[in-house]
Every structure is written in C-alpha cells, then in structure tokens.
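*Asks:* Handing you this structure, nothing more for now.
The values are calculated or read from the model by the stated rules, or taken from the named source; none is laboratory data. A quick note: this is a predicted structure, and the numbers were derived from the prediction, not measured. Here the Cβ positions follow ideal geometry from the backbone for every residue, glycine too, while neighbour counts run over all protein chains shown. Ligands, DNA and RNA are stripped out before the accessible areas are found, and what is left, the full protein with its side chains, is counted by its heavy atoms. Shrake-Rupley method; radii C 1.70, N 1.55, O 1.52, S 1.80 Å.
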Amino acid sequence: MSSKKPSSGKSQMAGTDTLDRSNTNVKLDSLETFRDDATDQALRTNQGVKIADNQNTLKVGARGPSLLEDFIMREKITHFDHERIPERIVHARGTGAHGYFETYKSHSALTKAGFLQDPVKKTPVFVRFSTVQGPRGSGDTVRDVRGFAVKFFTDEGNFDLVGNNMPVFFIQDAIKFPDFVHAVKPEPHNEIPTGGSAHDTFWDFVSLVPESAHMVIWAMSDRAIPKSLRSMQGFGVHTFRLINAEGKSNFVKFHWRPSAGTCSLVWDEAQKLAGKDTDYHRRDLWESIETGDYPEWEFGVQIISEEDEHKFDFDILDPTKLIPEELVPITPLGKMVLNRNPDNFFAETEQVAFCPGHIVPGIDFSNDPLLQGRLFSYTDTQISRLGGPNFHEIPINRPVAPFHNNQRDAQHRSTIHKGRASYEPNSIDGGWPKETPPAAKDGGFESYPERIDANKIRQRSDSFSDHFSQARLFFHSMSKHEQEHIIAAYSFELGKVEREHIRARQVNEILANIDLELAKRVAENLGLPAPKAGTVTARKVSVTESPALSQANLLPGNIKTRKVAILAANGVDGQAIEALKQALAAEGAHAKLLGPTSAPVKTADGKLLPVDASMEGMPSVVFDAVYVPGGAASIKALSGNGVALHYVLEAYKHLKAIALHGDAKQLLDVLHLQADEGLLAIKDAKDLKAFFAAIAQHRVWAREPKAKAIPA
Ligand code: HDD
C-alpha cells in the first residue's frame with residue numbers, strides 16, 4: 001500500500017517516546033508515563049515476584065492433586081475471572097484513535113476557550129466512534145446511527161463533545177431515553193435482532209412518538225450505513241453556547257466535516273460486510289492510520305446570536321431540529337487529525353469515559369432538555385461501568401491539566417494525596433487548593449448568567465411541536481437515488497415488523513405526514529392501502545430544500561485513500577498491473593493484487609507476483625473498485641472461475657467502478673453486462689483517467705435500476 005512509515009508500531013517503554021510527533025508539539029512523553037512495554041522484562045506476579053514456571057500448577061506429584069498454596073496460579077486465574085467490565089448500555093460497539101486538534105486562528109471574539117486561541121498549539125484528542133444498538137461484538141456495518149465522541153485534552157481541562165453522525169435525535173426530552181433505548185435494543189424475550197432496528201418494539205415506539213420522525217428518516221437514509229468512519233460527518237446535535245472573555249454569549253451548533261467526503265455503502269453490501277468482515281469499519285480506521293492516511297475533519301460552528309434565538313420556524317433548543325446551512329452557514333474553526341492507534345483496546349477505547357458535562361471555560365450548555373438530562377446520565381453510567389467515581393484517574397481519562405480538589409477515597413483511588421486538610425476553607429495546608437475567580441487570568445469556570453423567570457412545570461414547549469417539516473425537508477433535499485434508498489429502507493425494516501397495526505400506523509400517521517408519495521410507495525411495498533392524506537396539516541417553513549444535506553453534494557472530488565482490487569490469474573499482463581499501481585499511488589489511492597488462491601501468480605512474461613490475498617479472502621465488498629488486467633491465459637482462467645465472476649458481478653451490483661483491460665473485455669460477454677460510465681473496457685494507462693473519474697463519483701448511480709436484476 002503506501003510507503004509511509006506507520007504512525008505507531010510497538011508500544012513504548014514507560015517515559016520513552018516512540019510516538020510520531022513530527023506534526024504535534026504535544027509533549028506526550030511527559031504526560032503518558034503510564035504506557036508500559038514488557039520487552040526485555042521478566043515475567044512476574046502482580047507483587048513483582050519473578051515466575052519460574054508459567055506452564056504447570058503446583059501439584060502433589062506429577063499426577064497428583066493441585067495445591068491451594070499455588071499463589072501464582074491463583075493470582076492468574078482470579079485476575080482472569082474478573083477481566084470483563086459491563087459494556088456500555090448504548091454505543092457498546094466502538095473503536096477509537098488518538099490525534100490532535102489545531103485551531104485555524106484565534107477565535108477570541110467568539111470564545112475564551114484556550115484551545116481555540118493559538119494556531120500554533122496542538123491539543124491532543126481521543127475519538128471513539130460507535131454504533132448504538134448492538135453489543136460489543138456486533139457488526140460494524142449494520143443500519144444504525146454512529147456515535148462520534150471527541151475528548152479534547154485541553155490545558156484548561158477536558159472538553160468532551162459527545163455527538164453522532166446525524167445532526168438530530170429521536171426524542172426531545174431525556175426522560176424518554178430509557179423508553180427509546182428499551183424499544184430499539186434487541187427484544188427482551190429472545191435478544192433478537194442484534195445490531196439493528198428492524199423489529200416490532202422499535203417501530204411500535206417510533207410510530208407512537210412522532211417527534212422521532214425526523215431522526216428516523218435519517219436512520220433510514222444512507223447516512224446509517226456509512227462507507228467508513230473516516231467518511232462521516234459529526235454533529236454536536238444540541239445547541240451549545242460559546243462565551244468570550246467579555247462574557248458575550250452566542251448559541252452554536254458544532255459540526256465535523258471529513259476531508260474524505262461523506263459517503264455510504266449500499267444496503268446489500270452493508271449486510272454482506274456484516275458477515276464477511278464484521279470489523280470492516282474498525283479495520284479501515286486502524287489501517288488508514290497505520291498507512292499514514294490520517295483521517296481529518298474540519299471543526300466548525302453555526303453561530304446564532306442571542307438576539308436571533310427566536311427568529312427560526314423551529315426552536316433551537318429542540319434536538320429533533322437542525323439549522324439548515326442555507327440559513328446559518330458553518331464557520332470553520334480548526335481541524336482534527338487522527339494519527340495514532342491505541343496501544344491497548346481495553347485500556348484506552350473501552351475505558352474511555354465521555355461525559356457531555358465535561359466542558360471548559362468559554363463553552364456552556366443550552367437549556368435543551370435532552371442535553372440537560374445527558375449531563376447527569378454519563379457520569380452516572382461510568383460509576384457502574386468503570387467501578388466507581390475515580391474513573392477520571394484511568395490513564396485515558398486523565399486530564400492533561402492538573403486536577404486538585406478535596407474529593408477523597410472511593411474504589412480504585414490511585415492518587416496518593418499529601419497533606420492533612422481535605423476540606424475548604426482550611427488553614428492547615430495553607431488554604432490550598434484554592435478557587436480561581438473567573439475574572440483572573442486563566443480564570444475558573446463560570447456559568448453563563450442566563451436570566452430565567454418561569455414556573456416550575458412538567459410541560460413540553462409549543463415551539464417543539466412541529467415534528468414533520470424537517471423530516472420533509474430532509475426527504476426533499478435528497479437526490480433521486482437517495483430517496484429510493486429511503487423508500488427501500490422503510491420497506492425493508494417495516495417488512496420485518498410482525499404486527500400489521502404497527503406497520504400501518506407508521507405509514508398513515510408518520511410517513512403520510514412527511515410526504516404522501518413516500519408513504520404510498522412504502523404502503524405499496526408492504527401491501528397496505530395507500531394513505532390519501534396526512535393526519536396533520538403541513539406547516540409553512542422558510543427552507544424547503546437544503547442541498548447541504550445530500551451526500552451527492554459531499555464528495556471530495558478525488559480518489560485519495562480509495563482501494564482497488566486487481567484480479568489476476570496465471571498469464572496476467574504484469575505491466576498493466578504495474579501501470580495501474582503507479583497511477584493509483586500518484587493519486588494517493590491503493591491497490592491489492594488478488595489471485596484465485598493465496599499462491600503467487602505468474603505473469604505472461606514469466607515473473608512470479610506475490611498476491612495480497614485470495615479473491616475469497618478479500619471479497620469485492622471491501623473495495624471501492626475492481627480492475628481486471630488483460631493476459632489471455634489469465635482471462636481464460638478467470639472466465640471459468642465462479643469466485644472471480646461473482647467478484648465482478650457483485651462489484652457491478654454494488655455500483656462500483658470496474659475497468660476491464662485488454663483481453664478482460666471478454667468478461668462483458670461472459671457476464672452478459674454492458675459497458676457504462678463506470679464499467680469500462682480500457683486499452684492502456686491513458687484510459688485510467690476515466691476509471692479514476694468513475695471511482696471519484698463513489699458509485700455509478702445511473703446503473704442502479706439495471707443492477708437490481710443482478711442476483712445478490
Ligand atoms: Fe448518549 C453513550 C451520543 C443522548 C445516555 N451517547 C453515548 C455515546 C455517544 C452518545 C456517542 C458513546 C460514547 C463513547 O464512545 O463512549 N447520546 C449521544 C447523542 C445523544 C445522546 C448524540 C443525543 C443528542 N445519551 C443520550 C441521552 C442519554 C444518554 C438523552 C440519557 C439520558 N449515552 C448515554 C449513556 C452512555 C451513552 C447511557 C452509554 C455509555 C456511556 O454513556 O458512556 O450514559
């Protein structure tokens with residue numbers, strides 16, 4: 001693949017530096033003294049005793065009973081017996097990476113947050129991506145929302161932005177979260193289905209809760225089957241506040257935009273990947289970082305002044321609403337780069353504890369009732385998941401900012417506090433640690449002094465009551481093929497629902513209020529009567545289409561990091577392979593050579609070429625495009641090889657770019673396919689331009705109606 005040096009390789013000795021810091025000024029070596037490497041070290045017990053025999057329990061004679069006194073065996077088995085911790089209640093399946101954030105310039109007019117001031121400074125981050133529904137071992141490519149949680153280790157404390165790859169949420173008030181999660185999780189009697197929402201309890205709930213309509217249509221769109229974690233947008237979802245040194249506050253929505261563009265798998269491919277490579281997303285992230293293709297996102301905000309809080313036809317505190325970019329464009333703030341894989345999955349990715357309540361001076365919450373509830377829930381869940389309130393001392397969670405206070409003791413306390421006073425005020429320890437007034441330099445955290453004059457009530461604001469306009473905005477902003485995918489996804493999911501009254505309620509009371517044509521098409525696929533009208537009068541809104549929401553408009557315009565499968569058998573044209581590899585490398589893309597087996601293939605001019613894998617070992621679903629080089633004998637062999645033929649057909653069905661070089665053109669006849677703008681018969685290297693242009697389009701959407709006739 002790439003010749004770049006891997007970012008991390010082996011873990012490092014405590015205190016020594018093997019991290020790639022060529023592009024960061026973060027002094028991780030002094031911060032991360034907890035990393036451990038056993039190279040050159042003796043095997044010892046947890047008490048430091050060297051172990052002479054790690055193969056045999058202490059026994060009375062070679063064939064006799066084992067002895068309880070074997071403290072070495074007991075320590076080892078006891079520790080093993082307690083290796084597992086509870087998985088996350090939601091977002092259990094995930095993967096993480098280290099990196100850094102740098103601001104483009106000082107944003108002091110907007111916020112006093114230190115990490116957004118100095119463009120020379122690099123703030124370390126740890127990011128964890130996740131699915132929501134499935135357990136820890138579930139598939140990566142299921143139809144689901146993806147978590148996008150970023151921990152910024154700023155000099156002023158940790159800031160956790162715990163978002164998703166969709167800008168809205170299913171419910172408006174945190175008190176409904178346990179209901180929603182119970183409904184979407186596998187059903188309680190048989191724990192089916194794993195990883196997906198295509199079942200009765202989910203659709204029962206969402207068809208009864210119309211505020212979910214907007215988020216559900218996002219979940220039925222291609223956004224719920226992202227191509228990779230690197231090609232997802234991220235959203236803070238809620239409205240937050242940014243506050244500058246003068247105390248001026250603006251409302252903001254946080255956005256992450258990937259430099260790889262935003263794109264998705266196709267549904268059949270996503271389903272197959274869940275079996276053929278359960279770890280597809282985590283593998284892609286890991287390998288990209290190891291290869292030096294560091295994933296990048298631009299961090300930006302939509303800014304709404306205090307005065308404009310009420311100027312929209314929705315409430316900015318309602319987490320089921322987005323702010324169309326056509327109304328408020330995104331102001332770029334900086335960029336995030338992920339450039340280092342964790343050394344240990346459990347210690348880092350599993351134990352990282354995100355809490356939306358972790359903010360720093362210059363950032364504050366809004367009164368979004370979903371956000372307010374989250375501020376409680378995350379710290380609370382870590383206490384049972386990580387075994388007590390000291391989870392901030394676990395290395396991956398430790399702030400790089402110093403933390404001193406009078407909290408003491410509890411399970412897993414690792415800090416050894418000196419001094420006698422664990423209270424404030426005190427005169428015994430000189431009064432330390434002391435408060436820092438907000439006005440001081442690097443002042444203490446101060447909440448925005450928002451004035452509120454209201455009664456204490458349990459009530460949903462009227463301004464939260466329009467549940468369908470933005471779901472309609474989303475549907476109408478999609479390209480034709482994206483709309484077709486949404487119709488297919490609703491039809492697939494509701495087709496799995498056993499109870500007809502739930503299917504009918506979703507169609508008549510939700511979909512018909514979003515868009516009648518959508519409802520009719522889904523009804524037809526389910527064999528239900530088509531609704532004639534919605535049950536709610538559509539409201540008049542200022543924006544009815546938002547091109548920024550369609551992934552058709554979010555491609556990067558290049559083929560960087562794209563992966564091409566080269567199919568070859570004995571007799572292949574070796575020069576064609578070389579020419580393709582060189583051309584791809586020039587574009588920052590990669591290729592893998594695949595043979596009928598894992599044995600090397602012989603080129604037409606007699607050279608032995610090692611292959612990266614067999615065609616079964618790396619199926620078409622893990623690639624972006626397929627190239628079949630010519631060579632009469634190779635094409636003859638591939639034409640009679642079912643795996644090779646299926647490979648090309650499957651790539652065709654999944655709308656991928658395919659180039660058939662020289663003799664490989666014969667495969668068109670063998671497979672009864674017709675060339676199209678992405679299925680190209682090419683003669684030499686100069687024709688690769690068209691192939692690369694097709695890859696840059698991500699998929700050949702025009703082929704989709706035809707591809708439906710290809711067996712799955
Ligand atoms: Fe949540 C985990 C994102 C609403 C309660 N949530 C969790 C994670 C992400 C989100 C990305 C995984 C973090 C990680 O990688 O460790 N959650 C969201 C978003 C929401 C949201 C974007 C709405 C805008 N969540 C939400 C509500 C509640 C929770 C309303 C409860 C009232 N979420 C949790 C949790 C989890 C969690 C149960 C499970 C594991 C954890 O927190 O650490 O507390």
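*Asks:* Could you give the nm distance between label points at residue 43 and residue 331, where each point is 7 Å from its Cα heading toward the beta carbon?
*Replies:* Label-label distance for residue 43 and residue 331, simple model: 6.0 nm.
*Asks:* Please enumerate, by chain and number, the lysines with C-alpha under 25 Å from the C-alpha of residue 441, excluding those fewer than 8 residues away in the same chain.
*Replies:* 27, 105, 112, 121, 122, 151, 248
*Asks:* A further question follows. With every protein chain left in place, what is the accessible area per residue of region 156-259 in square angstrom, probe 1.4 Å?
*Replies:* Normalised by residue count, the accessible surface of region 156-259 is 27 Å².
*Asks:* Express in nm, to one decimal, how much length is gained between residue 542 and residue 690 on full extension, taking 0.36 nm for each residue of separation and deducting their alpha carbon distance.
*Replies:* 49.2 nm
*Asks:* Let's see if you can work this out: charge +1 on each Lys and Arg Cβ, -1 on each Asp and Glu Cβ, no other charges. What is the dipole magnitude of the chain about its Cα centre, in debye to the nearest 20?
*Replies:* The calculated dipole for the chain is roughly 940 debye.
*Asks:* Let me ask something additional. How high is the FRET efficiency between residue 439 and residue 108 when r is their beta carbon distance and R₀ equals 25 Å, given to the nearest 0.05?
*Replies:* About 0.95, to the nearest 0.05.
*Asks:* OK, next. Kindly provide the trypsin sites (Lys or Arg not before Pro) of region 632-706 that DSSP labels as loop, not H, G, I, E or B, and whose Cβ sees at most 14 other Cβ atoms within 10 Å.
*Replies:* 683
*Asks:* Between beta-carbons, use under 12 Å as the cut-off and find the net charge around residue 653, counting Lys and Arg +1, Asp and Glu -1.
*Replies:* +2
*Asks:* A further question follows. Once the other residues with Cβ under 12 Å from the Cβ of residue 711 are scored (Lys, Arg +1; Asp, Glu -1), what is the net sum?
*Replies:* 0
*Asks:* If you count, for each residue, the other Cβ atoms within 10 Å and average over each peptide, how do 103-113, 619-629 line up from highest to lowest?
*Replies:* 619-629, 103-113
*Asks:* Counting other Cβ atoms within 10 Å, keep those with at most 16, restrict to DSSP loop, and tell me which trypsin sites (Lys or Arg not before Pro) in region 481-513 are left.
*Replies:* Qualifying residues, ordered by number: 496, 499.
*Asks:* What relative contact order, as a whole-number percentage, does the chain give when Cα pairs under 8 Å and 6 or more residues apart are counted?
*Replies:* Over the chain, the number comes to 12 percent.
*Asks:* While we're looking at this one, here's another question. Tell me the carbon and sulfur percent of the accessible area for region 196-264, rounded to whole percent, probe radius 1.4 Å.
*Replies:* Ligands and nucleic acids excluded, carbon and sulfur reach 59 percent.
*Asks:* Excluding same-chain residues fewer than 8 positions from residue 59, which aspartates and glutamates have a Cα within less than 14 Å of its Cα?
*Replies:* 69, 70
*Asks:* Also, I was wondering about something else. Output the relative contact order of region 149-265, whole-number percent, from Cα pairs under 8 angstrom with separation of 6+ residues.
*Replies:* In percent, rounded to a whole number, it is 25.
*Asks:* Counting only heavy atoms of the protein chains, get the accessible area per residue of region 51-142 (1.4 Å probe) and round it to a whole Å² value.
*Replies:* 53
*Asks:* Could you tell me which of the pairs 686/706; 686/708; 272/706 are separated by over 25 angstrom between their Cα atoms in the structure shown?
*Replies:* 686/706; 686/708
*Asks:* Extension gain residue 582-residue 182, at 0.36 nm per residue separation less the Cα-Cα distance, in nm?
*Replies:* Result for the pair: 138.8 nm of gain on full extension.
*Asks:* Still on this model: Calculate, in nm to one decimal, what residue 305 and residue 381 gain on full extension: separation in residues at 0.36 nm each, minus their alpha carbon distance.
*Replies:* Separation in residues times 0.36 nm, less the Cα-Cα distance, equals 23.9 nm.
*Asks:* Okay, moving on. From Cα pairs below 8 angstrom and at least 6 apart in sequence, can you work out the relative contact order of region 559-630, rounded to a whole percent?
*Replies:* The normalised contact order for region 559-630 reaches 44 percent.
*Asks:* Write out the GluC sites (Glu not before Pro) in region 27-84 meeting two conditions: DSSP loop, and at most 13 other Cβ atoms within 10 Å of their Cβ.
*Replies:* Sites meeting the loop and neighbour criteria: 69, 83.
*Asks:* Whenever you get a sec, compute what percent of the accessible area on region 585-631 sits on carbon and sulfur atoms (1.4 Å probe).
*Replies:* In region 585-631, the share of accessible area belonging to carbon and sulfur is 55 percent.
*Asks:* Right, another one. Obtain the nm distance between the two label points defined at residue 409 and residue 458 by a simple spin-label model: each point lies 7 Å from its Cα along the Cα-to-C-beta direction.
*Replies:* Each label point is offset 7 Å from its Cα along the Cβ direction, giving 3.6 nm.
*Asks:* Quick one: putting +1 on the C-beta of Lys and Arg, -1 on the C-beta of Asp and Glu, what dipole do you get for region 489-616 around its Cα centre, in Debye to the nearest 20?
*Replies:* Charge dipole, region 489-616, about its Cα centre: 300 debye, nearest 20.
*Asks:* Under 13 Å from the Cβ of residue 93, count the other residues' Cβ atoms, weight Lys and Arg +1, Asp and Glu -1, and hand me the total.
*Replies:* My count for the surroundings of residue 93 gives +1.
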